[in-house]
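The values are calculated or read from the model by the stated rules, or taken from the named source; none is laboratory data. Just so it is clear, the structure is predicted and the values come from calculations on it, not from any experiment. We place every Cβ from the backbone using ideal geometry, glycine too, and count neighbours over all the protein chains shown. Side chains included, ligands, DNA and RNA excluded: accessible areas come from the protein's heavy atoms. Shrake-Rupley method; radii C 1.70, N 1.55, O 1.52, S 1.80 Å.
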Amino acid sequence: MKQYWDKAVSFSEYLKDAEEKLNNPKNQDEVDKKQYYELALQRMNRAIKTFKKSEEDVQALKNKNFKGKILIITEAWCGDSSQSAPVINQFFEGENEVRFFYRDSDHSLIDQFLTNGAQAIPKVLILNENYEVINTWGPRPAYGVELLKKFKADPENYPREQFYNDLQVYYAKNKGKDTIAEILDLI
């Protein structure tokens, strides 16, 4: 796991890379995803402004005496990542190091942590001091998983557009609280 950690970037580098891909795409894939990078950057900046650590969650982390690290497998264009990554980074900032590993740079990492057979992101790896995975979270909070199940069970009556809308409304109202609570439960 250490080799992946060493290839991962800080949140500031992650944001800078996203802005670079938006403003100066280097390949057709980045051109095709330009609107997703733009939307993701808006969401990340909003999450940075609106997320507030709760004293209860901070105390819960201290009580766990967690000395490990957080490695997030992600891509900046991903809607779920744009909602979760800044929140996770801000919550653990100053307590535990957080790094971001680009899923598409090396599939050998995400292939170890598939979600229902898919390379779903973000995938949060909770590592101990020796870079061993002690638990994982992702790609979205439980409420988002339930919305996805609802869509997959009946896409005719709960279409994709409604699912996406409901998911984004949830993220905006919840402001990362469920994400942090769920990750804390796994530590």
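Report every pair of residues separated by at least 6 positions or lying on different chains whose Cβ atoms are under 8 Å apart, first residue within region 86-109 and more than 27 Å from residue 172 (Cβ to Cβ), second in a helix (DSSP H, G or I) and among the charged types (D, E, K, R).
Hits for this filter: 105/7; 106/7; 109/103.
Counting just the residues of region 145-184 that are of a type in the set (Gly, Ala, Ser) and closer than 18 Å to residue 91 by Cβ, which one comes out surrounded by the most Cβ atoms within 10 Å (Cβ to Cβ)?
Checking each candidate, the answer is 176.
Which is touching a helix residue (DSSP H, G or I) at 6+ places or on another chain (Cβ under 8 Å) and under 18 Å from residue 127 (Cα atoms), of 21, 33, 7?
Testing whether each residue is touching a helix residue (DSSP H, G or I) at 6+ places or on another chain (Cβ under 8 Å) and under 18 Å from residue 127 (Cα atoms) leaves just 7.
Count, please, the residues in region 20-46 that happen to be of a type in the set (D, E, K, R), part of a helix (DSSP H, G or I) and open to solvent by 70 Å² or more (accessible area, probe 1.4 Å).
So the count comes out to 6.
Could you please find all residues in region 153-187 being in a loop (DSSP other than H, G, I, E, B) and closer than 17 Å to residue 96 by Cα?
Scanning region 153-187 gives a single hit, 187.
Condition first: part of a helix (DSSP H, G or I) and at pLDDT 95 or above. Can you find one or more residues in region 124-141 that meet it?
No; the residues of region 124-141 include none that is part of a helix (DSSP H, G or I) and at pLDDT 95 or above.
Could you check region 62-77 and list, in sequence order, the residues that are hydrophobic (A, V, I, L, M, F, W, C) and open to solvent by less than 10 Å² (accessible area, probe 1.4 Å)?
Selection gives 70, 71, 72, 73, 76.
Filtering region 1-19 down to residues that are of a type in the set (Ser, Thr, Tyr) and closer than 14 Å to residue 105 by Cα, which residue is surrounded by the fewest Cβ atoms within 10 Å (Cβ to Cβ)?
4
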